[in-house]
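Every number here is computed from the coordinates shown, using simple stated rules; none is lab data. None of these values were measured; they are calculated from a predicted model. Because the Cβ atoms are built from the backbone with ideal geometry, glycine has one as well, and the counts that use them run over all protein chains shown.
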Amino acid sequence: MYKFQDDLGRWHYSDAKPQEGMAKSLEVSQVAMDPATAVSLENRDAEGRRQVFASNRWAGPVEVEVTPLEVVNMLVEPPLPHRFVLAGGAVAAPIIDMRLADSRQTGTVRYGYRYTPGDPSAQPEENHAYLPPIAPGSTYAISQGFFGAFSHQGAQNRYAIDIAMPEGTPVHAMRDGVVMAVENDFYESGVKDKLQSRANHIRILHDDGGMAVYAHLALESTQVSQGQKVVAGQLIAHSGRTGYASGPHLHVVIQRNKGMELESMPFLFRYPDGSVREPKEGDVLQGAVVGRP
């Protein structure tokens, strides 16, 4: 995603690079799963200084990094670049103070910022046994497993799986948690690069700081809202094919924040017979009942 400032000081967001001469300042960052702008920064002037305040519209923590684009005759505290964790739902939290180094001259500060879901200090459990994200008694094949050649490469998705299922199939929560973010309004589908950040999805925060992402959901099919507590086995949405997808399926991944970078984590599934297994491409996944084999 491109974030740039025009000559009038207005900020713009676009998946296309701005035309030559259009951008006064430009910040480029990759957005893989959560395209909606969760974090906003606001400047306020008071008592001879300028303060920067941060807000987080998501219902879970995010790590933010503020980087300097231009600093002229200004003292900035804490110094830039500056990283910090912003609590879920935070509104106008003060994060940076700025004042003139020499009061006889004018000063300028311009900055950019980026953010990553999750708290990097969290220690989520690897190989946790999750409930399959399908209805009890149902069966669906895993069409792409860990390290899948089609799209499960890179830190964010190497431990993701795809479950082949018709559009409109019920999707259930794999574990208790809080709905951190919801994207519900995308309708396009295909294998064009521009669609990689346009999948409807739900991100659920677990009590150990890990996050489950359920992606390619059907348009306006989510059954939960941001900030809502959910329990394992609860219906949360219906499957679709939105975003970067060659066909209808459910994409599932467990992620953690490893310091301004999302990293996927290996996980296991609980089966109706009581067994616990690593999901593998070609396996037939069976829906289990919460709390019993």
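Key figures for this structure:
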{"read-out": "Pairwise FRET efficiency - residue 97 versus residue 281, Cβ, R0 = 41 Å, nearest 0.05", "value": "0.20"}
{"read-out": "Which of 126, 47 has the fewest Cβ neighbours within 10 Å, and the rest in rising order", "value": "47, 126"}
{"read-out": "Two-site label geometry, residue 121 and residue 69: point separation in nm, points 7 Å out along Cα→Cβ", "value": "3.1 nm"}
{"read-out": "Pairwise FRET efficiency - residue 46 versus residue 155, Cβ, R0 = 51 Å, nearest 0.05", "value": "0.80"}
{"read-out": "Cβ-based exposure ranking for 44, 49, 270, in which fewest neighbours within 10 Å come first", "value": "44, 49, 270"}
{"read-out": "Relative exposure of 75, 86, 205, judged by other C-beta atoms within 10 Å (fewest first)", "value": "75, 86, 205"}
{"read-out": "Summed residue charge, Cβ within 10 Å of residue 257's Cβ, Lys/Arg positive, Asp/Glu negative", "value": "-2"}
